[in-house]
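Single-structure report; data block below.
The values are calculated or read from the model by the stated rules, or taken from the named source; none is laboratory data. Every value quoted in this text rests on a predicted model; they were computed, and no experiment measured them. Glycine also receives a Cβ, built like all others from the backbone with ideal geometry; neighbour counts cover every protein chain displayed. The area values use the complete protein model at the heavy-atom level, side chains included, leaving out ligands, DNA and RNA. Shrake-Rupley method; radii C 1.70, N 1.55, O 1.52, S 1.80 Å.
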Amino acid sequence: MKELTVISGKGGTGKTSVTASLATLAPNRIVIDADVDAANLFLTLEHEVLEKESFEGGHKAMIDEALCTRCGECLERCQFDAVSEVPDNHDAVSNISGEADTASKGSGTVHTVSDKSGKFVIDPVSCEGCGVCVHFCPADAISFERQICGEKYISKTANGPMIHARLGIAEENSGLLVSQLRQKAKEMAIKEKIPMIITDGPPGIGCPVIASVSNADAVLIVTEPTQSGMHDMARVKKLADQMNAAVYLCVNKADLNPEATDEIKKFCHENGISFAGEIPFDRDVIESMKAGKSLVTFSQGPASVAVKNVWQNVLSFMEKRMDRLT
Amino acid sequence: MIVTIASGKGGTGKTTVTVNLAAIAPVSDIQVFDCDVEEPNSHIYLKPENITTQEISTMIPVVDKELCNLCGECEKLCQFSAIALIAGKIMTFPEMCHSCRGCAMVCPEGAINEGKRVLGSLLEGKNQRGIELIWGELRVGEAMSPPLIKQVKQRINPEKFSFVDAPPGTSCPAIETLRDSDFAILVSEPTPFGLNDLALTVEVLKKLNVPTGIVINRADTSEPTSSVQGSMPDTIIDEYAEKEGIEILQKFPFSREAARVSSKGLLLVDEMPEMKKLFQELYDKIMSRLDAIKEKNPAKQAEGTMS
């Protein structure tokens with residue numbers, strides 16, 4: 001089984017459009033949308049959700065006002081400025097504690113009143129889930145529940161399963177969620193003898209990207225011929241090298257700046273990157289997205305032809321690599 | 001005042017809007033912060049000079065093996081599997097550490113000392129126009145960007161006017177950047193991906209209590225559009241904004257020329273007079289929105305000028 005992850009560094013270079021087409025061209029594969037906090041693949045691949053499961057992320061600390069002695073130990077120990085002391089407002093106290101907490105939720109500002117002792121609250125957005133306050137609270141007044149941070153899906157598409165997710169609003173642990181999606185995909189691939197997993201990665205180089213690339217056989221970098229695209233491509237290539245993945249690259253909207261496209265090809269040549277092709281700017285890419293279809297399903301235009309060529313190249317690169325490994 | 005430029009979806013034009021707005025603003029009181037520390041790009045356009053670089057690191061535990069009595073309290077407390085008792089030895093996994101210092105606090109022997117893991121760099125410089133740019137660059141291989149973003153934001157001078165370029169997405173890095181902003185400009189594009197991610201970001205901003213306006217990029221409707229049945233109209237963002245009661249601050253047409261100018265790292269306000277006009281209008285609109293916010297919330301303003 002082979003694993004290919006599509007990444008870019010810079011956002012908006014066309015990762016999802018390319019992935020949707022590759023997932024349409026591959027006869028038997030699992031496709032994963034690992035851009036869990038801004039997932040788009042489901043908008044462009046016709047699918048039917050078969051299974052839903054909630055995603056349990058990290059823990060969050062929450063102070064039980066009835067037990068709290070207002071000693072301030074939690075505020076002193078927290079390294080994430082998540083605890084604050086707020087004026088003891090009678091309206092808030094008369095509410096049940098859950099509602100009182102919502103009033104302070106997400107304001108992000110630390111309100112400290114020194115003249116008289118207020119109550120302590122934990123901002124759930126700032127809480128890192130480290131449990132330090134929970135451990136050191138002398139009154140055992142802080143609960144530490146595992147949070148439901150989103151939903152995971154297994155869907156059916158024309159040529160294999162799609163595994164995707166939706167991270168809750170302002171929730172964390174995107175790296176953990178990506179790892180779980182990939183683990184699920186691997187289990188399914190082995191069980192159902194599916195030869196390939198294609199992952200649509202998130203932008204950037206941070207934790208969900210690392211989780212998308214680790215242990216993948218190869219990455220396909222989708223870049224664009226701009227100064228920003230080239231800057232970010234170089235960083236993401238360095239990351240792929242650290243993680244021992246083979247690196248393939250294609251240039252999207254290549255004709256918008258042909259000189260820059262040539263520079264990228266030179267970079268590939270000098271850095272051991274297999275060049276998988278150029279995709280021209282083509283309105284059909286946006287039109288296919290608007291129609292909710294992959295580009296290769298929707299159009300026979302120049303970009304569609306170019307993406308098919310990229311797929312053929314990627315396939316042959318991967319076969320060569322497999323030969324070398326075995 | 002802190003104005004943050006965000007989007008949800010990547011590549012909609014956040015950086016383009018940030019750097020061109022900065023270039024059009026009166027320079028005496030402006031600072032630009034690039035909080036897309038995973039892939040910062042503002043410096044490509046603003047071209048700061050005399051750049052200073054500072055290494056930013058975070059605390060990780062280093063165990064003094066002489067003092068450690070292998071009690072395992074640190075492992076019990078650590079939520080991130082960053083310290084563990086394995087085969088009679090205490091081991092640390094620095095890349096997993098979130099720097100909560102819990103292990104050091106709980107250790108009865110005082111055996112845990114402070115080490116460091118490099119997160120990346122904090123860079124700053126000023127360009128020929130006088131614009132000050134401060135940005136972070138995450139070390140390749142480092143997973144956690146929020147602590148570095150926090151460091152970048154600590155440089156915000158509340159007496160000055162700040163434009164902050166946010167990372168894409170709607171999770172931790174975007175939230176760390178957006179919180180405490182006085183106003184957020186959401187740059188979107190009239191595509192299903194653009195709308196989907198815009199709506200997610202609007203929900204985040206509601207949770208953070210940050211007032212918002214929308215900029216539509218590549219909003220051109222004059223290009224031939226598809227006649228395919230069921231195809232989405234180019235007005236999807238307008239319809240969404242109306243439903244949500246969010247003001248559309250400006251629309252930028254799709255332009256191959258603009259794409260070409262930007263691809264070279266040049267500013268649209270320098271190269272294209274028609275774009276300069278649109279950015280000037282956008283700048284004026286933002287200023288009047290900020291005036292309204294100041295009037296509504298004078299306490300916050302006083303707080304800002306005092307510190």
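A few comments on the model shown:
- Packing around the peptides A:47-54, A:152-159, taken as the average count of other Cβ atoms within 10 Å per residue, puts them in this order, highest first: A:152-159, A:47-54.
- Taking a point 7 Å out from the Cα of residue B:29 in the direction of its Cβ, the residues of region B:141-181 whose backbone N falls within less than 11 Å of it are B:159-162.
- Separation between Cα centres of region B:3-56 and region A:14-39, rounded to whole Å: 31 Å
- Magnitude of the charge dipole, chain A, Cβ model with Lys/Arg +1 and Asp/Glu -1, debye to 20: 1380 debye
- Derived scalar couplings ³J(HN,Hα) [region A:138-143; Karplus, 6.51 cos²θ - 1.76 cosθ + 1.60; whole Hz; x for Gly, Pro]: x, 9, 6, 9, 10, 8
- Angle between chain B longest axis and helix B:14-24 axis [Cα atoms, degrees, rounded to 10]: 70 degrees
- Residues residue B:160 and residue A:53, FRET efficiency given R0 of 60 Å [Cβ-Cβ distance, rounded to 0.05]: 0.80
- Computed from Cα atoms, the angle from the helix B:192-208 axis to the main principal axis of chain B rounds to 60 degrees.
- Residue by residue, region A:30-45 carries 3J(HN,Hα) couplings of 10, 10, 10, 9, 8, 8, 6, 9, 8, 6, 10, 4, 4, 7, 10, 10 Hz when phi is fed to the Karplus relation 6.51 cos²θ - 1.76 cosθ + 1.60 (θ = phi - 60°); x denotes Gly or Pro.
- Note on the protein assembly as shown: antiparallel DSSP beta bridges, both residues inside, total approximately 50 percent of the bridges counted.
- Taking B:79, B:151, B:250 in turn, the Gaussian network model of chain B (Cα-Cα springs below 10 Å) assigns the largest fluctuation to B:79.
- For the residue pairs A:52/B:206; A:2/A:186; A:290/B:9; A:2/A:52; A:156/A:191, the C-alpha atoms sit more than 20 angstrom apart in A:52/B:206; A:2/A:52.
- A DSSP coil position with no more than 14 other Cβ atoms inside 10 Å describes none of the trypsin sites (Lys or Arg not before Pro) in region B:70-110.
- Counting only whole DSSP H helices of chain A, the ones at least 24 Å long by C-alpha along their axis and with mean Kyte-Doolittle hydropathy no lower than -1.0 are A:174-191, A:302-325.
- Residues in region B:197-222 that, when all protein chains are in place, have 50 Å² or more less accessible area than the chain alone would give (probe 1.4 Å): B:200, B:207
- Shape category assigned to the protein assembly as shown from the gyration tensor of Cα positions, a/c cut at 1.5: oblate
- Each label was represented as a point 7 Å from its Cα along the Cα-to-Cβ direction; for residue A:263 and residue A:183 these points are 4.3 nm apart.
- For region A:118-147 versus region B:136-175, the gap between their alpha-carbon centres in whole angstrom: 25 Å
- Distant-in-sequence amide contacts of residue A:30, defined by a placed amide H-H separation under 5 Å and a gap of 5 or more residues or a different chain, comprise A:196, A:197, A:198.
- Per-residue ellipticity at 222 nm computed for chain B from its helices equals -10500 deg cm²/dmol, with DSSP H segments shorter than 4 residues left out and the rest contributing -39,500 (n - 2.57).
- Taking amide hydrogens as placed 1.01 Å from N in the peptide plane, the amide H of residue A:129 sits under 5 Å from those of A:61, each at least 5 positions away in sequence or on another chain.
- Sites matching GluC sites (Glu not before Pro) across region B:1-77 that sit in DSSP coil, with at most 15 neighbouring C-beta atoms within 10 Å: B:66
- Residues losing 10 Å² or more accessible surface upon assembly, region B:33-72, compared with the chain by itself, 1.4 Å: B:38, B:39, B:40, B:41, B:43, B:44, B:45
- Between the amide H of residue A:276 and those of A:249, A:250, distances stay under 5 Å, these residues lying 5 or more places away or on another chain, with hydrogens modeled in the peptide plane.
- With a simple spin-label model that places each label point 7 Å from the Cα along the Cα-to-Cβ direction, the separation between residue A:305 and residue B:238 comes to 3.6 nm.
- FRET E, pair residue B:206, residue A:71, Förster distance 56 Å, beta-carbon r, rounded to 0.05: 0.95
- Solvent-accessible area lost in complex, 10 Å² minimum, residues of region B:156-171 relative to chain alone, 1.4 Å: B:168, B:169, B:170, B:171
- Using a 4.7 Å Cβ-Cβ cutoff, the cysteines of chain B lacking any partner cysteine are B:35, B:68, B:71, B:78, B:97, B:107, B:172.
- The length gained on full extension between residue B:280 and residue B:114, counted as 0.36 nm times the residue separation minus their Cα-Cα distance, comes to 54.8 nm.
- Table column - 3J(HN,Hα) (Hz), region B:86-92, Karplus curve with 6.51, -1.76, 1.60, x for Gly and Pro: 10, 6, x, 10, 8, 10, 10
- FRET efficiency estimate (nearest 0.05) - Cβ-Cβ, residue A:281 to residue A:88, R0 45 angstrom: 0.15
- Isolated Cys in chain A, by beta carbon distance under 4.7 Å: A:68, A:71, A:78, A:127, A:137, A:149, A:207, A:250, A:268
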